[in-house]
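Single-structure report; data block below.
The values are calculated or read from the model by the stated rules, or taken from the named source; none is laboratory data. These numbers were taken from a predicted model, which means no experiment stands behind them. Neighbour counts run over all protein chains shown; Cβ positions are idealised from the backbone, glycine included. Accessible surface is based on the protein model in full, side chains and every heavy atom, while ligands, DNA and RNA are left aside. Shrake-Rupley method; radii C 1.70, N 1.55, O 1.52, S 1.80 Å.
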Amino acid sequence: MSGQKSSIVENGFRPRGRGGMGRPVEKPKNGKRTVKRLFSYFRNESLFIILLSVVVVVSVAVSVLAPTVQSRAIDGIVSGEFEKIPSLLVLMLSLYLVHAGTTLFQGFLSGKLSQHVVKKVRRDLFEKTVNLPVSYIDSHPHGDIMSRMTSDAENVSNVISQSLSSLFSGVLTLIGTVTVMLVYSVPLTLLTFSTVVLSVIATRIFSSLMHKYFLKKQTLLGQLNGIVTEKVTAVKTVAAYNLQENIIEEFNRASSELTKTGIKADIIGNAMGPVMNMLNNCSFVIVAAFGAWFALRGMISVGVISAFIIYSKQFSRPINELAQLYGELETAVAGAERIFELLDCESEDKSGEKTLELTDGVIEFRDVNFSYVPGKPVIRNFSLKIGAGKKIALVGTTGSGKTTVVNLLMRFYPLDSGTITVDGVDIRNLTTDSLRDSVGIVLQDTVLFTDTVRRNLKYADQSISDEKMFEAASLSSCDKVVESLGDGYDTVLHGAGSNLSQGQRQLLTIGRAFLSYPRILILDEATSSVDTRTEKQIQDAMAVLMKDRTSLIIAHRLSTIQDADMIVVMDQGRIIETGSHRELLAKNGSYKSLYMSQFAGQET
C-alpha cells in the first residue's frame, strides 16, 4: 500500500514540504474540465496505467490479507496447534516481501508515467510559447509564463507520481479493510470508527490552521527576500547616503514578524503528529479493551484482536492521506488550468499566400494607423517610402513611435488600418518566415545565447561555412573580439555573454546580422549603450553592413545618422519633418531643436 511508504509516518501524517498540508491551496476555476483535458495526455500510456493498476491492487490485497494470516498464527499459538505456525509464518513473510516489491514497483511505474505525461505537457507548452504573438509576450510578465512551464508543470508531475496511485490505493485499502473488519466483528468495527471520526475532525482543524499560518509565512518570507534583494542590489546607493542603520532596522522588523509567524506555524505543524498519535493510541486502547471483553465472551478470538489493532491503524492512515491529497490535487489541477490557459492562447498569425523574393528591398508605409490599446493611437496616418538601398533614420523623443514602426514592419503586431508593402507586396500576404528571413535586426539590447561564439554567429543558419563566418567576422570587426577570447570561435558564452563588454556583445550581434545576408537591415539604437570610442568602431562595422542594403535606423544619438539619405522626425506617431541632416538643420524646426539640445547636454 502506498500509504506505508517511508514518506508517511506511523500515524498517516505526511511531513510538510512540497505538496504538504502546510502549502497554500490554489483552487481551480473549472476542475472537471481541466482534469478531463489532463487525462487526454494519458492516451498513449495505457500499458503503464494497466500495470500500475494491477500492482496497486496486488499491493492493497496483500496489505489486507497479511493481518488475517497473523491472526490465524496467533490463534494457532493460543490453541496449541504449533504444527500450523511454520507454514503461516512463511506465508506472512511471502506476503510482506510481495508488498515490499509491489510498493517499489509502484513508485517506479508512477515516476515513469508522470515523466512521460509531463514531458508531453512541457513540449506543448514550449511549442506554444515560442509561437505566441509578440503582443502577448510584451503584455504578460515573463515570470508568469516561466512559472507555468516550471512550477505548475512540476505540481502536475508530483501529483501523478505520488498522489494518483496513493488516491487509488487509499480508496481500495479503505474498502478492503472495512470489509474484513465487518466480517470479523461488526461491534468492534463501529467502536474503531469512533476514533477515526475524531482523527478526521482533528485533521481538518489542523489543516485549516496550518494553511492560514503557512500562507502568511510564505507572504512574509517573500517580503523579506524582496527587502534583501533590493538593498543588496542598491548597496552602493545605501552606503552613499549612509543609511545602513535604517535598512538594518527595516530588515529586523520584517524578520521579527516572520519569526513570530514561523513559530506559530511550526508549533501547529509539530503538534499534529503527537495529536494524531494520541488518537491512534486511543484506538488501540479501545480495540484492546473491548476486544478482550468480546474474546472473554467467545465473540472473537485473540488473533482477531491483534488483526483489529493493525486494521485500525491501516484504516485511519488512508483517511488522513486522502484529506491531505485533496489540497494537493486542487493545487495541481489549478496549475494544469493555468497551463491550458496558455495553450489555448491564439498563436501568432503567420499566414500568407506569398513567399517574399526580394529584388530591390523597397519598403512603403501607406496611411498606417496602430494602437496597442484600443482608442489610444500610437501611429497616426504614417506614410513613408524607403527606396532600394537607401538609409533612412527615424528620430524623435521617447514614445514618438519609432520602435513601433519596426514592430509593424516585422508583423509583430497587426495594423489597425493602412498597408505596409515590401517590393510592392502587402506584408499581410507574405509568410512571416520569408519576410523575417529577408530582414536583419541589430537591437540596442544585445541578445546572445549560452553557447559557443561559432553557434551564436551562425544562429540564423548553422549550415553556413566557416569561411563565410570568418569573412563576416572580419567585415563586422568582431574578429578582433573573437581573437581575444581563450578558445576563439569555440569559446562558450555564459549568461548571454556576461563575460564580454557591451561593445563586444554588440559587435558579435552585428557579425550575426552579416551572416544572415539580409536585403533589409534594421538598427534599433544599436550604439546607445556604449562609449564614444566603441561607438565609432560599431559605426564602421555597421557602415559596411548597410552598404547596398535598404536600412532603417532608429537613432538616439543624432551624431550617428548625419550621413543618412533621409532623416524622418516623428512626434506622437506622426511624421513632422523629413530631409537630410543639412536640410533639417536649415529648417530650424524640431530636428534642429533635438540636435542642439543633445550638444547642449540636455536629455532628449
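See the values below:
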quantity: Count of residues meeting criterion [within 24 Å of GLY80 (Cβ to Cβ) and open to solvent by less than 20 Å² (accessible area, probe 1.4 Å)] in the stretch 307-321; calculated: 2
quantity: Any pair with Cβ under 6 angstrom, 6 or more apart, that starts in the stretch 411-429 at a residue that is closer than 16 Å to ILE522 by Cβ and ends at one that is of a type in the set (Gly, Ala, Ser) and surrounded by 14 or more Cβ atoms within 10 Å (Cβ to Cβ); calculated: TYR413/SER135
quantity: Filter pass, GLY579 being on the phi > 0 side of the Ramachandran plot, modelled with pLDDT under 75 and not polar (S, T, N, Q); calculated: no
quantity: Residue check, ARG428 at pLDDT 85 or above, under 16 Å from SER351 (Cβ atoms), surrounded by fewer than 19 Cβ atoms within 10 Å (Cβ to Cβ) and not hydroxyl-bearing (Ser, Thr, Tyr); calculated: yes
quantity: Failed criterion for LEU65 (all others in (1) open to solvent by less than 80 Å² (accessible area, probe 1.4 Å); (2) touching a helix residue (DSSP H, G or I) at 6+ places or on another chain (Cβ under 7 Å); (3) not polar (S, T, N, Q) hold); calculated: (1)
quantity: Residue among GLY273, GLY226 that alone is closer than 30 Å to THR189 by Cβ, under 36 Å from the mean Cα position of the chain (by Cα) and of a type outside the set (Ser, Thr, Tyr); calculated: GLY273
quantity: Residue check, LEU408 of a type outside the set (Asp, Glu), buried (at least 17 other Cβ atoms within 10 Å of the Cβ) and either touching a residue at least 60 places away in the same chain (Cβ under 8 Å) or touching a helix residue (DSSP H, G or I) at 6+ places or on another chain (Cβ under 8 Å) (or both); calculated: no
quantity: From the options ILE267, ILE248, ILE205, residue that is open to solvent by 60 Å² or more (accessible area, probe 1.4 Å), over 32 Å from the mean Cα position of the chain (by Cα), under 30 Å from THR177 (Cβ atoms) and among the β-branched types (Val, Ile, Thr); calculated: ILE205
quantity: Residue match in the stretch 69-81 (condition: open to solvent by 20 Å² or more (accessible area, probe 1.4 Å), outside any helix (DSSP H, G or I) and closer than 28 Å to VAL304 by Cβ); calculated: yes
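Residue-wise test of (1) at pLDDT 85 or above; (2) surrounded by 18 or more Cβ atoms within 10 Å (Cβ to Cβ); (3) not aliphatic (A, V, I, L, M).
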position	(1), (2), (3)
SER417	yes, no, yes
ILE420	yes, yes, no
ASP433	no, no, yes
ARG436	no, yes, yes
ASP445	no, no, yes
THR450	no, no, yes
ARG455	yes, no, yes
